[in-house]
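The values are calculated or read from the model by the stated rules, or taken from the named source; none is laboratory data. The shown structure was predicted, so the numbers you read here are calculated from the model rather than taken from an experiment. Cβ sites come from the backbone with ideal geometry, for glycine too, and all protein chains shown count toward neighbours. In case anyone asks, the SASA skips ligands and DNA or RNA and just uses the protein heavy atoms, side chains included. Shrake-Rupley method; radii C 1.70, N 1.55, O 1.52, S 1.80 Å.
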Amino acid sequence: MNKTQCKPCNGIDRYRLVNKEALSLLRGMGKEISTEGEFIPRLPYSSIVKAQGEVKMWFLHETIDQIIRLFDGNLKAVSWNKRKLDNFLNVLDTLSNDLKACQEDLEMHAQFSYGRRLRKHFRKLRKDILKGQNYSARSWEVIRKTVETHLVMLDIIFATLKK
């Protein structure tokens, strides 16, 4: 198999549709907010666009899993639509399972290099924004806006797989 192309699978064909649904649910969960003045850790996307297809697939899957874990926290302060939140997490779970089915075994160095930066980014989101602001409604809105940016960036990365 050509190292720059990803393994064909059923889930890859519907990725954009499911990602669009996740974005719609996320945007509909709460109010429009401004994250101006908020510290948001640098997004770990600068070099992944140039990576090989299999590494991009792993990155998409790992990022979706990190987002799911991010929402597995103290959500008591939020006033989001519970049904939309549950649907959002279910859609992310579907994306994760679809992407996992498309992956091949990757060399450890690819996972280590990108994975380390990605996990560090999400640790900072949990520690500096959520925990640092006592899981306040405002901190969750900042997370929601940051996750929206992640999903948009993942769609851009996905588009580079199709070339």
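Out of segment 63-88, which residues are surrounded by 15 or more Cβ atoms within 10 Å (Cβ to Cβ), over 11 Å from the mean Cα position of the chain (by Cα) and not in a loop (DSSP other than H, G, I, E, B)? Listed by number, the residues that qualify are K84, L85, N87, F88.
Looking at L60 and the list (1) open to solvent by less than 10 Å² (accessible area, probe 1.4 Å); (2) without any contact (Cβ under 8 Å) to a residue 60 or more places away in the chain, which single condition is not satisfied? Only one criterion is unmet by L60, namely (2). Being at negative phi and either among the hydroxyl-bearing types (S, T, Y) or at pLDDT 85 or above (or both) holds for only one residue in L43, L99, L106, L95, and it is L95.
Sub-9 Å Cβ pairs linking a first residue in segment 113-130 that is in a helix (DSSP H, G or I) to a second residue that is of a type in the set (D, E) and open to solvent by 40 Å² or more (accessible area, probe 1.4 Å), at least 6 apart or interchain, are I129/E38, ordered by first then second residue.
What number of residues in segment 139-163 are farther than 17 Å from L92 by Cβ and crowded, with 16+ Cβ neighbours inside 10 Å?
4
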